[in-house]
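The values are calculated or read from the model by the stated rules, or taken from the named source; none is laboratory data. It should be emphasised that the depicted structure is a prediction, and the values quoted were computed from it without experimental measurement. FYI the Cβ positions are ideal-geometry reconstructions off the backbone, even for glycines, and counts take in every protein chain you see.
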Amino acid sequence: MFDLGWVRVANPETRIAPGQVVAVEAHTLGLWTLNLSRITQAIDTPAAFGFVYSTTQSHVEQGDERFLLELDSATGDVWYELEAVSRPRDAFARIGFPLTRSFQHRFARDSHGRMLEEVIARQTHLS
């Protein structure tokens, strides 16, 4: 969900567990930036897997994001949900708000597309 070419996790070995810090690199406007968030909740049940993280002071935005995969056991359908609640943390982010918001929307769109690609690849591999 983060392997998008212009966005990637800088520390992919990090466990999905509360307290762990996730470092996300993003390539925007010709520059790579590093944003740190701390996992506050891990979800791992037979029907759902995911996590919630909150941004740290080392993040351009202030807020929370939830990434969740859910399985409907009755139908076999799988859902990917990405929910973000945030606002600009500093003056530069506030000044560039329309641009930063467009990058957030791009991330959501690309992340959903990446997850769909992975599902299609796995279905093709299983056939």
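Table for the structure above
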read-out	value
Residue in region 87-105 that is farthest from the chain's Cα centre (by Cα), counting only those that are at pLDDT 90 or above and polar (S, T, N, Q)	SER102
Within region 37-68, considering residues that are more than 12 Å from the chain's Cα centre (by Cα) and of a type in the set (A, V, I, L, M), the one modelled with the lowest pLDDT	VAL60
Of all residues making up region 70-100, the number that are surrounded by 15 or more Cβ atoms within 10 Å (Cβ to Cβ) and touching a Gly at 6+ places or on another chain (Cβ under 6 Å)	1
Answer from ARG101, ARG94 - the residue that is assigned to a helix (DSSP H, G or I), of a type in the set (D, E, K, R) and in contact with a strand residue (DSSP E or B) (Cβ under 6 Å, 6 or more places away or on another chain)	ARG94
Number of positions in region 77-116 that are in contact with a His (Cβ under 9 Å, 6 or more places away or on another chain) and touching a residue at least 40 places away in the same chain (Cβ under 8 Å)	2
